[in-house]
Amino acid sequence: MAESWFRARIMVAFLALWAASAAAANDIIEIAYLGVQTQRPPVLATLDRSPDDPGIAGAQTALAELNTAGVFLGQVYRLKTVTVPVGEDPLEAAEQLLDATRLLVLDAPAEVLTAIADLPAAQGALLFNTSSGDPSLRNDACRSNLLHTIPSTAMRTDALAQFFLSRRRTDFVMISGKHAIDQSYAASVRRSLQKFGLTLKAEKTWDFNAGMRRSAAAEMPLFTQDFGDYDTLIVADEVHDFGRYVMYNTWQARPVAGSEGLTPVTWSPVIEDWGAVQLQRRFEKLTGRGMTSGDYAAWAALRVIGEAVSRTGSADPLGLRDYILSDAFEIAGFKGRPLTFRTWNGQLRQPIALTHPRGLVASVPLEGFMHQTNALDTLGFDRPESTCALFR
């Protein structure tokens, strides 16, 4: 008994000395997170409450994971977070962060992302887009130093179209909001339906003002009456203005999909498969809330950085970029498939979850949708479709 106790004491002392020596030799990897707040347009309902730390919470969850593993790899990760209020200059904040680190995770509108990527201070840096699905960022407005861990809008609407085709739904109508992000989503829906040989029979724009909350539900049956018969009604309401009043209020009793109803998302608290419960619980323990798509994209950005640093043994941004875009790179993202990057536009390949508020309906791509190299490339802009020239 005494001998066992003595050996245990020696082992504890050895581990303490090893940890101290490892801490002294740790490589410190500095990462910055920049969130740019935008003015949200007025909407009919004020029930939704956005979290105080969107995106940032996902990055902090990943940071804790990286530092847990870093103990054994001699690595310490540090994260500096900055939020730019509405009306203040995001470029000045970005320049200050880039003075301290060349690894920058961004939550910002598309035009701000490209402006930051074009800064002289950003040349030679590695940037991650965790919020904008704007198709232009994967095409003509792509930047070679900007990678995307958030799916493009085209990936999300392609996932819907695949599901529709698998369920033999072929005729659709659509209601679109008047805001630019709604119109962009509607354009992506049209593209996806055409891509998969489906028909959009009719569409209308919801352009009532935000003061008619009480009558919106009553207005919806008359608003949808002249659509006639169809398989599914698609809602393009990315600001979440009128969409909540569509379900169960249409003239024809038909399924609703898109921004409401059956919704294609990056991530949702209802995802439980492929070990996702572990990530969900870690996130909830840290934040006290469910993980959103923006949180997941920020989490993925830090995990990409951590994986690349661990494999290359370096934090050099250009070396990391080369490795991340190589065939050797992949991360496990709790989505049932390894996640890799498209070499032609910097987009992270990933399945899209089709969800409703209480459950996961499907993970797309679906079985039977084939591709010559990777089934995930059936979603969004495949190599022949992309007009991004800076990655080629």
List the strands (runs of 3 or more DSSP E) that sit entirely inside region 218-302 and contain at least 3 residues that are touching a residue at least 60 places away in the same chain (Cβ under 8 Å) and crowded, with 16+ Cβ neighbours inside 10 Å. 232-236, 263-265
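Yes/no per residue for (1) open to solvent by 10 Å² or more (accessible area, probe 1.4 Å); (2) among the hydroxyl-bearing types (Ser, Thr, Tyr); (3) not in a loop (DSSP other than H, G, I, E, B):
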residue	(1), (2), (3)
Thr114	yes, yes, yes
Leu127	no, no, yes
Gly133	yes, no, no
Ser144	yes, yes, no
Ile150	yes, no, no
Ala159	no, no, yes
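So which residues in region 319-339 are under 14 Å from the mean Cα position of the chain (by Cα) and either more than 20 Å from Phe381 (Cβ to Cβ) or not basic (Lys, Arg) (or both), if there are any at all?
Within region 319-339, Gly333, Phe334, Leu339 qualify.
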Looking at Leu113, Leu79, Leu106, can you tell me which residue is of a type outside the set (Lys, Arg), within 23 Å of the chain's Cα centre (by Cα), modelled with pLDDT of 95 or more and more than 23 Å from Ile181 (Cα to Cα)? Leu79
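Would you confirm whether or not region 191-202 contains a residue that is part of a strand (DSSP E or B), over 19 Å from Val265 (Cβ atoms) and of a type in the set (D, E, K, R)?
Looking through region 191-202, at least one residue is part of a strand (DSSP E or B), over 19 Å from Val265 (Cβ atoms) and of a type in the set (D, E, K, R).
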Name, by its number, the condition in (1) without any contact (Cβ under 8 Å) to a residue 60 or more places away in the chain; (2) open to solvent by less than 60 Å² (accessible area, probe 1.4 Å) that does not hold for Lys80. (2)
Inside region 376-392, can you point out the residues that are surrounded by fewer than 18 Cβ atoms within 10 Å (Cβ to Cβ) and among the small types (Gly, Ala, Ser)? Ala389
On the given criteria, is Ser326 of a type in the set (Ser, Thr, Tyr), surrounded by fewer than 17 Cβ atoms within 10 Å (Cβ to Cβ) and in contact with a helix residue (DSSP H, G or I) (Cβ under 9 Å, 6 or more places away or on another chain)? no
From the set of residues in region 161-190 that are of a type outside the set (Gly, Ala, Ser) and over 22 Å from Asp229 (Cα atoms), which is most open to solvent (accessible area, probe 1.4 Å)? Lys178
Scan region 153-161 and give yes if some residue there is within 14 Å of Gly380 (Cβ to Cβ) and over 18 Å from the mean Cα position of the chain (by Cα), otherwise no. yes
Looking at the structure I just gave you, is Ser176 in contact (Cβ under 8 Å) with a residue 60 or more places away in the chain, of a type in the set (Gly, Ala, Ser) and out of contact with any Gly (no Cβ under 9 Å at 6 or more places or on another chain)? yes
Can you say whether Lys178 is modelled with pLDDT under 95, in contact with a strand residue (DSSP E or B) (Cβ under 9 Å, 6 or more places away or on another chain), farther than 15 Å from Arg254 by Cα and not in a helix (DSSP H, G or I), as far as the supplied structure shows? yes
Test Asp140 against the stated conditions and say whether it is among the charged types (D, E, K, R), on the phi < 0 side of the Ramachandran plot and crowded, with 23+ Cβ neighbours inside 10 Å. no
Being more than 23 Å from Ala154 (Cβ to Cβ), out of contact with any Pro (no Cβ under 7 Å at 6 or more places or on another chain) and among the β-branched types (Val, Ile, Thr): is that true of Thr263 here? no
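Being outside any helix (DSSP H, G or I), open to solvent by less than 10 Å² (accessible area, probe 1.4 Å) and in contact with a helix residue (DSSP H, G or I) (Cβ under 6 Å, 6 or more places away or on another chain), is that true of even one residue in region 118-125? Full working, then the answer.
Of the residues in region 118-125, the ones outside any helix (DSSP H, G or I) are 118-119, 123-125.
Keeping just the survivors that are open to solvent by less than 10 Å² (accessible area, probe 1.4 Å) gives 125.
Now drop any that are not in contact with a helix residue (DSSP H, G or I) (Cβ under 6 Å, 6 or more places away or on another chain), which leaves 125.
Among the residues of region 118-125, at least one is outside any helix (DSSP H, G or I), open to solvent by less than 10 Å² (accessible area, probe 1.4 Å) and in contact with a helix residue (DSSP H, G or I) (Cβ under 6 Å, 6 or more places away or on another chain), which makes the answer yes.
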Which residue is least open to solvent (accessible area, probe 1.4 Å), if the candidates are limited to region 331-361 and must be hydroxyl-bearing (Ser, Thr, Tyr) and farther than 19 Å from Asp295 by Cβ? Thr340
Determine the pairs where a residue that is without any contact (Cβ under 8 Å) to a residue 40 or more places away in the chain and part of a strand (DSSP E or B), located within region 353-368, has a partner that is open to solvent by 60 Å² or more (accessible area, probe 1.4 Å) and of a type in the set (Val, Ile, Thr) with Cβ atoms under 6 Å apart, the partner being 6 or more residues away or on another chain. none
Considering residues that are over 21 Å from the mean Cα position of the chain (by Cα) and crowded, with 23+ Cβ neighbours inside 10 Å, the number found within region 303-318 is 1
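Conditions (1) under 30 Å from Cys142 (Cα atoms); (2) open to solvent by less than 70 Å² (accessible area, probe 1.4 Å); (3) modelled with pLDDT under 95, marked per residue:
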{"site": "Leu15", "(1), (2), (3)": "no, no, yes"}
{"site": "Pro41", "(1), (2), (3)": "yes, yes, yes"}
{"site": "Glu92", "(1), (2), (3)": "yes, no, no"}
{"site": "Asp99", "(1), (2), (3)": "yes, no, no"}
So Thr83, is it part of a strand (DSSP E or B) and within 17 Å of Ile31 (Cβ to Cβ): yes
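The values are calculated or read from the model by the stated rules, or taken from the named source; none is laboratory data. These numbers were taken from a predicted model, which means no experiment stands behind them. Using ideal geometry, Cβ is built from the backbone for each residue, glycine included, and neighbour counts are taken over all protein chains shown. Surface accessibility is based on the protein's heavy atoms, side chains included, excluding ligands, DNA and RNA. Shrake-Rupley method; radii C 1.70, N 1.55, O 1.52, S 1.80 Å.
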